[in-house]
Amino acid sequence: MRSILLSFCLFFSLSLQAEEKIPEKPVETSFQVFRHQDQTIFALSYKNFPHWHTYWKNPGDAGLPTKIEPKNFQIKEFAWPIPKRYVEKGDILAYGYDGEYTRFFTIEGKVPERLELESTWLVCKHICIPGKVEITANYNRGVLTPSPANDFIVPENQLQLRFDNLPHKRDWPSDLDLVLKKGEGDLELFAYYNYTNTGAKDLFHNLGMLTPYRVEPLDIMREKLYRSNEGNLFGKIKVAWDGEYMDPPVAFPQDGQFQKPVTLKFLWQDPVSEKVSIIEKTFDRFDLQGGKAIDSLMSSMNFLAPKTNDSPSDSEKKDVVNIQSEPLSQSFLTILFFAFIGGLILNIMPCVLPVISIKLFGLVIHSDESHASIFKHNLFYTLGVLTTFLTLAVAILVLKSTGENIGWGFQLQSPVFVSLMIGVLFVFSLNLFGLYEFQTPGGKTLGNVELKKGFMGDFFGGVLATILSTPCSAPFLGTALTFAFTSSPIEIILTFQAIGLGLAFPFLMTGIFPKTIKFLPKPGLWMESVKKFLGLTLILTMIWLIDVFISLTSGNLPLMKLNTALVLIFFAFYFQKYISKKNHWRALFFVLAALPVFSLYTSPMSFENSGSDSDLLDQKNAQTEILWEKWSEKRMEELKGETVFIDFTAKWCFTCKVNDKLVLQTDSFRNLVRDQNLKLLLGDWTKYDPVIGDFLKKNGLVGVPAYFIQKPDGTLINLGETITIGKIKKNL
C-alpha cells in the first residue's frame, strides 16, 4: 500500500509542476488592407503570446491548422508564410508559428461594403487552447474598419515585406531526384530523393529540405536526411496510405498503379540560393521493388539531425518578427502521463465505486491464496480493463471514419447500450443477493462447476469498471481525451490504454505486492452481509441508468417493456432457486423473461428519439430560483453585449452532477448571477446532438462537463471540467 501511495504522490506532484498559467489572450489578431502592384490585398495578422504556438497548413504529428472562413464573400488565398519546425519531447513533430505572422488573400468579385469572416486556431504551450475571432469590417474606398477593433497594427511596410517573403511556386529543381517506392508494410510507401549539393552549403532554416503539404489519400510523415562524404544530400520520407479511411474508401493499389495521379507538394529549402519555394511532382505509379538498396546506401552516410533553432536568412532578419524556436512542450508522453493520472483518479469517482467495492470484496476472498494466484486475479482484472478500453478506441475510430462526431461517454447516449447495462447490473446484483451462483467479481462458481478460481469473473469486473467509468471525467483526463479524439489512430489507442492502465493500476500493484492487501479484514461470515450491501449498490447504479434510459427514449412503452423484462428475469431466477429445479419449468420462465427483451430490441418504436433534449432544463429550473435557457449558438450571438455563463451537461455525467450540487445549486452562485446579471445557458448532451458535439470539438473538448463564460464583446473563456465560485468570479 505504501508503494501505491508513494507512486500516486509522485505522479500528482509532477502533474502540478506541469501546469502552466494561461494568458488571458494567447492570440491577438489584426485585419488590415493594403495595395500591392495594383492589387487590393487583405491581411489577417496573428500575434501569439510569447512561447505559445499556432499551426501551419500541415500541422505535423499533432495540432490543427489555423483557418480563415469568410461568411459573405469568396477569397483567393496566397501561400502561407514559411513555418518553423518544432520537435517536442516524445519526438512529436509539428510545423507552426510563434510571435507574429500574417496570412494574405484577395476577394473574388466585387468587394462588399461589409465583410464578415471568422478565424479559428489551436494555440499550444504546455496545454493547447482553441481560439476564435469573428470579425465584421466596413470597407469603403480602400479603408477597412474592423469590429472588434484590431488588437495591434502592423505597419504597411512590414505587411509588404511579409508578403514579398511568402514562398512562391517554382519548377522542380533539376538537381533534385525523387522516386516513390513500396515499403515493407502493407499500406506503406517511401519517397526517396537525393540532391547534388554543388554549393556544399548547410540548410539555413530549421525546416528540413522537403517539408510536405497534406495530400489525399496519403499521410506524408517526417523527413530523414543524410549527407554523403561528397556533400550530396539524401533523404527519405515515409508515406502511409490513408485511402481506406476516406469516403468512399480508396483501396491501396497493389499493382503500383494509382487510380488517379497523385501530386506530392513540398516546401523546398534550396541550400544554394537559401530560398524556400513550393515545388510539386506528380506520380502515376510507384515502384514495387522497394528501397532496400537505397536504405543500405544511406546507412553508411552521416545522419543530419533536425535543427531545433532557426538560423534565418538575411531576408528573414529584415522582418521584426522574433523567430525563436522553442520545442512544443505538450508532448505525447505528457499526454500519456495525464491519461494515466486521469485513469488512476477514476478509481475514486462515484460512477466506478460500486464495481471497485466488489473488486475489493474479491481481494478479501482471495487474500489467503498464493502470491501467483493473487497476481493472476489482478492481471485478469487489468486485462478486462485494457481490452474494454481498446474496444472503445476501435469503436471511436470506426465511428470517426463514418463522419460521426463523438465524445467521451458516447455509448451512454445509446438507449440500446444503456438498457443492456441495466440488465447486466440487475443480473449481477441477483447473484450477490444469492438467487443463483454465477461467476462475477465476488463469486466463484457457475452451478457446481468452478471457473478457474474466478479469473473470468475478474476479467468481466474490469470490463464493467471501464464501462461505468465513462460517465465520469476526472481531473487531467480532459486534456488527454481532447488530444486523443483529434489525433491519429495509434495515438487514440495508446491514450485509451494509458487511461485503462491508470484505472487498473492500484489492483495491478496489489498483484505485484500482495502484502498490500493485508489491511483488508479476514474472510468470514460478515462477507455474506457485505455481499447484500454490494448488491444494493448495483441496484442503485441500475436505478440511475433507468433515469438515463427514460431521458433517451420517448413515451412510456420502452420503460414498460424494460421493467417487465426485469421483473420476469427476477422471477425466473427466484423460481429456479426456491420453487422448482426442473429444467423444463426453468426454461419456460427464462423464455418468458426473454420475450419483452426481444420485443424491446425488435420494435421500431422502442427507441424513437424525441429530439436532442431531455428534461434536464426543466429539472434545473425547478431546482433553483434563477432562470436557465436552452443553449444554441444563435442564442449566444443574441446575448452579445451581456455576460453569459454556459453549462454543457448530461444526465449520465456524474462529474456534472457533483459540480451542479457543489457549485451551481448554491446560494453563492445564485447571488453571483444576480450581482453580475449573468445570463445562463444550458447545453443538454444527454442524447446525441451533433450541434453540441461540433461546438465542443471546435473549442477543443470531447465531452461533458464543459463550462464557458462569454464576455460582452463575444470573447469565449473555457473554464474546463471542474469549477468553483472563485474560478467563475476570476474569469468574469
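The values are calculated or read from the model by the stated rules, or taken from the named source; none is laboratory data. Bear in mind the structure is a predicted one, so any value in this text is a computation, not a measurement. For neighbour counting, all protein chains shown are included, and Cβ atoms are generated from backbone atoms with ideal geometry for every residue, glycine included.
For segment 560-591, a tally of residues being basic (Lys, Arg) and assigned to a helix (DSSP H, G or I) returns 3. Among residues of segment 179-192 that are within 16 Å of Phe258 (Cβ to Cβ), those with a beta-carbon under 8 Å from a residue that is modelled with pLDDT under 85 and among the β-branched types (Val, Ile, Thr) at least six positions away or on a different chain give the pairs Lys181/Ile294.
Residue count for segment 508-530 satisfying the condition of being at pLDDT below 80 and buried (at least 17 other Cβ atoms within 10 Å of the Cβ): 6.
Filtering segment 707-723 to residues that are assigned to a strand (DSSP E or B) and in contact (Cβ under 8 Å) with a residue 60 or more places away in the chain leaves Tyr707, Phe708, Ile709, Gln710, Leu716, Asn718, Gly720. Taken as a whole, the structure leaves Gly726 outside the set of residues that are under 25 Å from Cys128 (Cα atoms), in a strand (DSSP E or B) and small (Gly, Ala, Ser). Restricting Val320, Val364 to residues that are surrounded by fewer than 19 Cβ atoms within 10 Å (Cβ to Cβ), under 30 Å from Ser529 (Cβ atoms) and at pLDDT below 80 narrows the list to Val364. Taking first residues from segment 476-503 that are modelled with pLDDT under 65 and partners that are of a type in the set (S, T, N, Q) and buried (at least 23 other Cβ atoms within 10 Å of the Cβ), the Cβ contacts under 6 Å between residues at least 6 apart in sequence or on separate chains come to Ala480/Thr495; Ala484/Thr495.
Does Pro271 satisfy being over 29 Å from the mean Cα position of the chain (by Cα) and within 30 Å of Ala395 (Cβ to Cβ)? Don't jump to the end; show me each part of the working.
Numbers: over 29 Å from the mean Cα position of the chain (by Cα): yes; within 30 Å of Ala395 (Cβ to Cβ): no.
So Pro271 does not fit the description; no.
Listed by first and then second residue, the pairs linking a residue in segment 421-434 that is more than 18 Å from Gly462 (Cβ to Cβ) to a residue that is at pLDDT below 80 and not charged (D, E, K, R), with Cβ atoms under 7 Å apart and 6 or more places separating them unless they lie on different chains, are Ser429/Gly535; Ser429/Leu538; Leu430/Tyr436; Phe433/Gly535. Selection of segment 84-114 for residues being outside any strand (DSSP E or B) and modelled with pLDDT of 95 or more yields an empty set.
For residues in segment 240-262 being in contact with a Phe, Trp or Tyr (Cβ under 6 Å, 6 or more places away or on another chain) and outside any loop (DSSP other than H, G, I, E, B), which is farthest from Tyr213 (Cα to Cα)?
Here is the first cut: in segment 240-262, the ones in contact with a Phe, Trp or Tyr (Cβ under 6 Å, 6 or more places away or on another chain) are 241, 252, 256, 262.
Filter again for outside any loop (DSSP other than H, G, I, E, B), leaving 241, 262.
On the way: Trp241: 15, Val262: 13 Å.
So the residue we want is Trp241.
The set of residues from segment 46-65 being among the hydrophobic types (A, V, I, L, M, F, W, C), surrounded by 20 or more Cβ atoms within 10 Å (Cβ to Cβ) and more than 19 Å from Glu100 (Cβ to Cβ) comprises just one member, Ala62. Of the numbered criteria (1) more than 19 Å from Pro130 (Cβ to Cβ); (2) in contact with a Lys or Arg (Cβ under 6 Å, 6 or more places away or on another chain), the one Gly714 fails is (1).
Conditions tested, residue by residue: (1) crowded, with 19+ Cβ neighbours inside 10 Å; (2) free of Cβ contacts under 8 Å to residues at least 12 places away in the same chain; (3) out of contact with any Leu (no Cβ under 8 Å at 6 or more places or on another chain).
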| residue | (1), (2), (3) |
| --- | --- |
| Phe204 | yes, no, yes |
| Met209 | yes, no, no |
| Ile220 | yes, no, no |
| Gly231 | no, no, yes |
| Phe234 | yes, no, no |
| Ile237 | yes, no, no |
| Tyr245 | no, no, yes |
| Pro249 | no, yes, yes |
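Taking the residues in segment 652-688 that are more than 26 Å from the chain's Cα centre (by Cα) and hydrophobic (A, V, I, L, M, F, W, C) as candidates, determine which candidate is surrounded by the fewest Cβ atoms within 10 Å (Cβ to Cβ). Selected residue: Leu662.
When segment 152-183 is examined, which residues are found to be closer than 20 Å to Phe78 by Cα and among the aliphatic types (A, V, I, L, M)? Residues satisfying the conditions are Val154, Leu159, Leu161, Leu166. Taking the stated definitions as given, is Val215 exposed (fewer than 14 other Cβ atoms within 10 Å of the Cβ) and aliphatic (A, V, I, L, M)? No; evaluated as a whole, the condition is false for this residue. Within segment 164-221, being over 30 Å from the mean Cα position of the chain (by Cα), under 22 Å from Val276 (Cβ atoms), in a strand (DSSP E or B) and of a type outside the set (Lys, Arg) holds for Leu176, Asp177, Leu178, Ala191, Tyr192, Tyr193, Asn194, Tyr195. State which residue is surrounded by the fewest Cβ atoms within 10 Å (Cβ to Cβ) when the search covers only segment 567-581 and only residues that are hydrophobic (A, V, I, L, M, F, W, C) and farther than 11 Å from Leu592 by Cα. Filtering first and then ranking leaves Ile579. Taking segment 656-707, which residues are hydroxyl-bearing (Ser, Thr, Tyr) and either over 30 Å from Thr66 (Cβ atoms) or outside the structural domain of Trp628 (by TED's automatic domain parsing) (or both)? Thr666, Ser668, Thr686 - these are the residues of segment 656-707 that are hydroxyl-bearing (Ser, Thr, Tyr) and either over 30 Å from Thr66 (Cβ atoms) or outside the structural domain of Trp628 (by TED's automatic domain parsing) (or both).
Is at least one residue of segment 549-559 at pLDDT 85 or above, in a helix (DSSP H, G or I) and farther than 23 Å from Ile467 by Cα? No, because not a single residue in segment 549-559 is at pLDDT 85 or above, in a helix (DSSP H, G or I) and farther than 23 Å from Ile467 by Cα. Among the residues of this structure, Leu545 does not count as one that is modelled with pLDDT of 80 or more, exposed (fewer than 15 other Cβ atoms within 10 Å of the Cβ) and either in a helix (DSSP H, G or I) or touching a strand residue (DSSP E or B) at 6+ places or on another chain (Cβ under 9 Å) (or both).
I'm checking my understanding of the structure. Among residues of segment 66-83 that are of a type in the set (Phe, Trp, Tyr) and touching a Phe, Trp or Tyr at 6+ places or on another chain (Cβ under 8 Å), which one is surrounded by the fewest Cβ atoms within 10 Å (Cβ to Cβ)? I'd like the intermediate steps shown before the answer.
Going through segment 66-83, the residues of a type in the set (Phe, Trp, Tyr) turn out to be 73, 78, 80.
Checking which are touching a Phe, Trp or Tyr at 6+ places or on another chain (Cβ under 8 Å) leaves us with 78, 80.
Values: Phe78: 17, Trp80: 22.
Result: Phe78.
Within segment 698-726, the residues that satisfy the criterion of being more than 17 Å from Met636 (Cα to Cα) and surrounded by 15 or more Cβ atoms within 10 Å (Cβ to Cβ) are Gly700, Leu701, Val702, Gly703, Val704, Pro705, Gly720, Glu721, Thr722, Ile723, Ile725.
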